[in-house]
Amino acid sequence: METVLIADDEKNIREGIKCIIDWEELGFKVCGEAANGEEALKQIYELRPSLVLLDIKMPKLTGLEVVENAREHGYNGKFIILSGFSDFKFAQTAIRLGVENYITKPIDEDELSEAVVRIGEQIKSEKENVSHNEHYRNKELLHDLVRNQVDKDMFSAKELGLEAPVYQVVLYENFDIEKGVNMPYQFSELLKVTNNGGQSFEHFMDDEYNVIILKGSFAIEKFERFIEHYESTPPQKGSPMDTLFIAYGRPVNELFDVHISYSDAYALIKRRFFCTEGQHTLGFEELPHVREALETLDKTRITDYCTRITDYIQAFSRRKVAEVLFSIEEYLYNVDAPIGQVKLFLTDLF
């Protein structure tokens with residue numbers, strides 16, 4: 001519920017304003033009242049009301065002076081100026097200062113109600129826009145975080161709700177094109193964890209992958225149990241879960257090391273091409289020997305592979321052919337090349 005401050009030097013007018021309309025029905029609660037400009041300004045600073053009803057002529061500070069001072073000190077709430085007909089020029093000035101409405105005395109109930117309803121809608125719309133913009137701003141920051149492109153001095157983990165003792169990045173995708181590109185489940189449903197306000201994890205899209213930043217031991221332990229079950233009890237063939245592929249990086253204890261976990265997961269999900277049939281996960285434990293052994297893709301090897309395979313076929317040595325094929329598999333698993341180039345290598349070999 002929004003709040004309203006009523007400021008007028010006449011007590012009977014203040015009391016009348018409180019009673020003339022049903023504030024709660026319009027979504028407002030009277031949080032305070034003031035009898036002069038100085039008191040009104042003080043309460044604006046302390047209470048930060050959503051709306052201020054302000055008499056244009058008051059002792060100590062006029063209504064215009066209150067508006068000017070409040071705006072200079074960063075108050076972005078709404079004002080309704082109350083004035084007599086003779087104060088019209090003052091009211092024009094108030095509107096130039098960003099006052100939403102002015103209402104002439106004696107106050108008309110319907111006019112005040114309409115003004116309050118209109119302002120309430122403005123406040124709601126502005127909050128939705130701020131929330132929307134903040135949502136996309138946060139997603140952009142998360143993109144920068146996993147790519148190690150954030151300005152650490154300008155990045156507040158607390159403000160973004162990212163404070164945690166440990167983090168882990170998970171990437172997942174739906175690799176069955178016939179079943180569509182959208183995942184059938186929310187990640188929270190897969191892990192059976194609640195995620196109110198992003199407390200357990202953050203989710204966003206990066207390239208074609210779903211990115212999850214797990215936050216805290218509880219979420220990570222849930223994920224580990226999920227992976228254990230997923231690997232020990234493969235999903236039913238053809239089920240939606242059978243189209244899910246998950247890659248996960250190492251846990252890290254510092255927020256600004258999240259990019260390391262992301263780099264692990266990203267490298268792994270790019271290796272899905274090499275997974276065995278029915279394999280649905282790749283974890284950071286499998287990365288070290290791959291990273292240390294990465295080679296460039298050397299097409300001059302094709303001739304040697306071809307010669308060895310054809311020789312062993314002619315010699316009817318099934319075992320030797322298998323050895324060459326396994327060596328090709330091992331070599332290609334350890335090349336630092338896009339999947340498209342690996343496929344072209346195999347096409348040329350064939």
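A short reminder: the numbers here are calculations on the coordinates, not readings from a lab. Note that the structure is a prediction, hence the values are computed from the model and not measured. Note: ideal-geometry Cβ built from the backbone for every residue, glycine included; neighbour counts use all protein chains shown.
For this structure, a couple of remarks:
- Amide H contacts under 5 Å for residue 103, placed H, 5+ residues apart: 81, 82, 83
- Remark: the residue 73-residue 147 segment gains 22.9 nm on full extension, using 0.36 nm per residue and subtracting the alpha carbon distance.
- Ranked by how many other beta carbons lie within 10 Å on average, peptides 301-307, 13-19 from highest: 13-19, 301-307
- Take each peptide in 112-118, 257-263, 321-327, count the other Cβ atoms within 10 Å of every residue, and average; sorted highest first, the result is 257-263, 112-118, 321-327.
- A straight chain from residue 205 to residue 254 at 0.36 nm per residue would run longer than the Cα-Cα distance by 15.4 nm.
- Extension gain for residue 330-residue 29 works out to 101.4 nm (0.36 nm per residue, less the C-alpha to C-alpha distance).
- Cα gyration tensor shape of region 30-73, rounded if a/c is under 1.5, else prolate or oblate by comparing a/b with b/c: oblate
- Taken one residue at a time, the phi angles of region 43-57 give Karplus couplings (6.51, -1.76, 1.60, θ = phi - 60°) of 6, 4, 5, 7, 8, 6, x, 6, 9, 10, 8, 9, 5, 6, 10 Hz. Gly and Pro are set to x.
- Cα gyration tensor category, rounded, prolate or oblate, for region 254-336 with a/c compared to 1.5: prolate
- Applying the Karplus relation 6.51 cos²θ - 1.76 cosθ + 1.60 with θ = phi - 60° to region 261-278 yields 3J(HN,Hα) values of 4, 5, 4, 4, 5, 5, 4, 6, 5, 6, 8, 4, 3, 8, 6, 6, 4, x Hz, where x marks Gly and Pro.
- FRET efficiency for the pair residue 342 and residue 285, taken as 1/(1 + (r/R0)^6) with r the Cβ-Cβ distance and R0 = 22 Å, rounds to 0.45.
- Restraint check, 29/127; 124/152; 127/222; 42/78; 11/124; 11/60, Cα-Cα greater than 27 Å: 124/152; 127/222; 11/124
- In terms of its C-alpha gyration tensor, region 1-45 has an oblate overall shape, because the principal axis ratio a/c (a ≥ b ≥ c, square roots of the eigenvalues) is not below 1.5 and a/b does not outweigh b/c.
- Applied to region 222-235, the Karplus parametrisation 6.51 cos²θ - 1.76 cosθ + 1.60 on θ = phi - 60° returns per-residue 3J(HN,Hα) values of 4, 5, 4, 5, 4, 5, 4, 5, 4, 7, 7, 10, x, x Hz, with x for Gly and Pro.
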